[in-house]
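Peer 1: Next up is a structure, given as structure tokens.
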């Protein structure tokens, strides 16, 4: 999957004041450098959106809505050539003449260019992952459907134009794919029935106001062709690709190291990262044992968890259970002055889109930073599949017990992803509105799970703490399994067992998590970012002394936007030292 512009949030932001620093009058050279840098930034995003029009739609730039990614090998080569030229322009730029904020943006953009080249040239998911294509084209249509940023007739025309390009995209996939890892092909085949049903049922029902007969007829043709192309792609994967899928999902130690450096600005050796991950795992396991003993000292932690996991809603009541949790979380944040929440509007809680269900249990989908009309956000929750066995359904629902429902709602909504994305309109630059470091976004959301209970949410309820710790162990297991699976120290099956034994996860969750790690190697970003934020908070507390307040720290953190923690640390502490 392309990673340039993440789905960010633009909602009405009330009463926020971004702190300003009084600077001396800039010199003519620095003024010129700032203008030249703004031009370079604009050129970067114009280039990025040309090759990634779905990301442009997500960000709120709707002049790209009728475009679909060109998935051909020639387009990949053109993108590599263009990124190489952009990198040369950045290399020649006088960064020393930029302000501190702009210099941070400069480093972040350079990292994104290098990460993109690493993906296209070395990791090459476009050659290895069949799901890149089928889920990619489905998401491209979904983004136009889901929000009312334009009249239905206009959006339907964009859907038609994108659908007309889907057969070519899937034909490019047939030419590009070279010996995928079996797990990648299996995931694509698992998701494809949902994608096909999405085009058959959901897309035709999405535009009920459109009465124009010619437009409807054109849609029937394009949509039918998209369905047929996906069905042929499904048959191609099942009959030709799956039997020959014997490729290696591992990206290797060197690519892993570069990916972390370019995307997260983390340069620690992988051996040191593993030490950090194991230490956090052991610490959370010990805390889990202590809390479990408070609940029932006669049982093992696993037995206590098994009992607590039975306390979950029925599948048909899961979405409402999440809706019910949001009000109490927001009220606590306001009462305890945890962080400023920029908007009164809550997100819409709904079932995960079909093309996301195989690899995601819950997610936050927020509008882009430049979306000015359709500003609603969606909190997606994956429900059991209609064809699941009774046991698989029960196992899945046990992962949504009362403790983990609160932990998940905290992570995704209050004060996690949703609140962070609400701040994006006030981010200090275009770069910080459009790009997000994963260790920042996921680290913040994961940090919030622990922080809210530490601050007293739930009045010390041990079941809530067990849910938080179970989720912390899940992220610790991701941290370790991601490194070890991709450096050849752990197989996929060993990864699954690690999530069960060391991460205290149920088998269906463990299987999903291990499979996700094959295509998302650096999903250690949750624990990595959380630990960086905890260190930043403690160092900021020491710097501020008696003036420290949690809300001021969190608000200051939010004002920095989505840059890596290394840049935020320098801005808040004037400290260029280690983030861990």
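Peer 1: List the equivalent ellipsoid semi-axes of region 170-252 in whole Å, largest first, each obtained as the square root of 5λ for an eigenvalue λ of the Cα gyration tensor.
Peer 2: Here the semi-axes work out to 33, 12, 10 Å.
Peer 1: Taking the Cβ of each residue in 93, 199 as the centre, tally the other Cβ atoms inside 10 Å and list the residues starting with the fewest.
Peer 2: Going from least to most buried by this count: 93, 199.
Peer 1: If you wrap a convex hull around the alpha carbons of region 315-367, what volume per residue comes out, as a whole number of Å³?
Peer 2: For region 315-367, the hull spanned by Cα atoms encloses 108 Å³ per residue.
Peer 1: Please compute the alpha carbon radius of gyration of region 28-244, then divide it by the globular-protein estimate 2.2 N^0.38 Å. Two decimals is fine.
Peer 2: Numbers: Rg = 20.0 Å, N = 217, 2.2 N^0.38 = 17.0 Å.
That ratio works out to 1.18.
Peer 1: Something else about it: Using a 10 Å cut-off around each Cβ, can you sort 61, 548 from fewest to most neighbouring Cβ atoms?
Peer 2: Values: 61 19, 548 13.
Going from least to most buried by this count: 548, 61.
Peer 1: What number, rounded to the nearest 500 deg cm²/dmol, is the helix-based mean residue ellipticity at 222 nm of the chain, given -39500 (n - 2.57) per DSSP H run of at least four residues and division by all its residues? Could the numbers behind the result be given before it?
Peer 2: Details: 25 runs with 352 residues, N = 580.
Roughly -19500 deg cm²/dmol at 222 nm, from the helical runs in the chain.
Peer 1: Also, quick follow-up: Could you tell me the relative contact order of region 296-419? Use alpha-carbon pairs under 8 Å, at least six residues apart, and round to a whole percent.
Peer 2: 36 percent
Peer 1: Moving on. Over 16 Å apart: what share of the alpha carbon pairs of region 80-186 falls there, rounded to a whole percent?
Peer 2: On the way: 4022 of 5671 pairs.
Counting every Cα pair in region 80-186, those more than 16 Å apart make up 71 percent.
Peer 1: Can you report the principal axis dimensions of region 373-461 using only the alpha carbons, biggest first, rounded to whole angstrom?
Peer 2: Computed over the Cα atoms, the extents are 50, 36, 24 Å.
Peer 1: May I have the extent of the alpha carbons of the chain along their three principal axes, as whole Å values ordered from largest to smallest?
Peer 2: The Cα atoms of the chain stretch 70, 65, 49 Å along their principal axes.
Peer 1: Now for a separate question. Compute the semi-axes of the equivalent ellipsoid of region 325-479, taking the square root of 5 times each eigenvalue of the Cα gyration tensor, and list them largest first in whole Å.
Peer 2: After scaling each eigenvalue by five and taking roots: 25, 21, 15 Å.
Peer 1: To continue, here is another question. On the first, second and third principal axes, largest extent first, how far apart are the outermost C-alpha atoms of region 227-333 in Å?
Peer 2: The principal-axis extents, from largest down, are 54, 44, 35 Å.
Peer 1: For region 138-199, count the residues as N, evaluate 2.2 N^0.38 Å, and divide the Cα radius of gyration by that value, please.
Peer 2: Working it through for region 138-199, the quotient is 1.36.
Peer 1: Starting from the Kirkwood Rh over alpha-carbon pairs, what translational D in µm² s⁻¹ does region 336-399 have by Stokes-Einstein at 10 °C and 1.306 mPa s?
Peer 2: So the translational diffusion coefficient is about 112 µm²/s.
Peer 1: Over all distinct alpha-carbon pairs, what is the Kirkwood Rh of region 296-414 in angstrom?
Peer 2: Here the Kirkwood hydrodynamic radius works out to 16.0 Å.
Peer 1: A further question follows. Out of every Cα pair in region 432-580, what percent are spaced more than 20 Å from each other? Kindly include the intermediate steps, with their values, before the conclusion.
Peer 2: Details: 5996 of 11026 pairs.
Taking all Cα-Cα pairs of region 432-580, the fraction more than 20 Å apart is 54 percent.
Peer 1: Got a sec? How would 304, 525 order by Cβ neighbour count within 10 Å, fewest to most? All intermediate terms of the calculation are to be shown ahead of the outcome.
Peer 2: Numbers: 304 23, 525 26.
By the 10 Å Cβ count, ascending, the order reads 304, 525.
Peer 1: Further question: Under the definition of Cα pairs under 8 Å and six or more residues apart, what whole-number percent is the relative contact order of the chain?
Peer 2: The normalised contact order for the chain reaches 19 percent.
Every number here is computed from the coordinates shown, using simple stated rules; none is lab data. Values in this document were obtained by computation on a predicted structure and should not be read as measured data. With ideal geometry, Cβ positions are generated from the backbone for all residues, glycine too; neighbour counts draw on all protein chains shown.
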